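Structure first, commentary second.
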Amino acid sequence: MFENLEFAPFILSFKLAGITTAILFTLSLPLAWWLSQSKSKIKSFIEAVTALPIVLPPSVLGFYILWALSHNSPIGAFFDEIFGIKLVFNFTGLVVASCFYSLPFMVQPLQGGFESLNKNMLEASYISGKSRLKTLLRVALPNIKPALLSAIIITFAHTVGEFGVVLMVGGSIPGETKVASVAIYEMVEIMDYTSAHIYSAIMVSISFLVLLSVYIFNKRYVKKVGL
């Protein structure tokens, strides 16, 4: 039953999700902190741009990312001519596309966690002489563990399951861009329903376990802090 299955697409999916999650955490942390603390007039505009991947059809988002990264666009041409890096139909392009696609799933939980913090605690940190960076790293982050865990795990799981954007930007190149979701699509196309069932069951199990772990951790954390 399992002898003809290739698990390379899952390995590639996990690799893509891990790299994307690490990059997005690094980029989203200061952005989410700024959004939670700012009263700027452009805050709503930035929030809307950040949330766009949630409401845009993956094919639309994938098309514009494909256009932006292709050698016909200024961005794609710059990386191709200066660095010799092609950003479409390879793993690098998948990482870039995934960062755009999964951005709101990292930013929004972090922003919500920061906004829920006690303002007096932050003010006390500033009064004691801590900079904004130290306040973020030593005061804010340790007190938003549920939001932090949710952001990391949901971003990882969301990236593992993405399909439309990946297919548009990366296609289906074995060992390079053929992730699990694309593999399932191809199995259905050739009517290999047995393999599609197995792959899909694995994806469902992973998604369920991810969500279950988040809910269990959050429930235990709430009990621990006595909320």
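The values are calculated or read from the model by the stated rules, or taken from the named source; none is laboratory data. A quick note: this is a predicted structure, and the numbers were derived from the prediction, not measured. So basically every Cβ, Gly included, is an ideal-geometry build from the backbone, and we count neighbours across all protein chains shown.
See the values below:
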| item | result |
| --- | --- |
| Neighbours by Cβ (under 6 Å, 6+ apart or cross-chain): first from segment 170-196, in contact (Cβ under 8 Å) with a residue 24 or more places away in the chain and among the hydrophobic types (A, V, I, L, M, F, W, C); second buried (at least 19 other Cβ atoms within 10 Å of the Cβ) and assigned to a helix (DSSP H, G or I) | Val179/Pro9; Val179/Leu12; Val179/Ser13; Val179/Val166; Ala180/Pro9; Ala180/Ser13; Val182/Leu167; Ala183/Pro9 |
| Phe105 vs. criteria surrounded by 15 or more Cβ atoms within 10 Å (Cβ to Cβ), farther than 18 Å from Thr20 by Cβ and within 19 Å of the chain's Cα centre (by Cα) | no |
| Long-range neighbours under 9 Å by Cβ, at least six apart or interchain, first residue on the phi > 0 side of the Ramachandran plot within segment 85-97, second among the acidic types (Asp, Glu) and in a loop (DSSP other than H, G, I, E, B) | Phe89/Glu176 |
| Which listed residue, of Leu27, Leu61, is surrounded by 15 or more Cβ atoms within 10 Å (Cβ to Cβ), in contact (Cβ under 8 Å) with a residue 12 or more places away in the chain and either in a helix (DSSP H, G or I) or in contact with a Pro (Cβ under 8 Å, 6 or more places away or on another chain) (or both) | Leu61 |
| Unique match (being at pLDDT below 95, touching a Pro at 6+ places or on another chain (Cβ under 8 Å) and either under 22 Å from Ile173 (Cβ atoms) or assigned to a helix (DSSP H, G or I) (or both)) among Gly113, Gly76 | Gly113 |
| Close pairs from segment 132-156: first within 25 Å of Tyr101 (Cβ to Cβ), partner crowded, with 17+ Cβ neighbours inside 10 Å and among the hydroxyl-bearing types (Ser, Thr, Tyr), Cβ under 7 Å, at least 6 apart | Ile152/Thr21; Thr155/Thr21; Thr155/Ser102; Phe156/Thr21 |
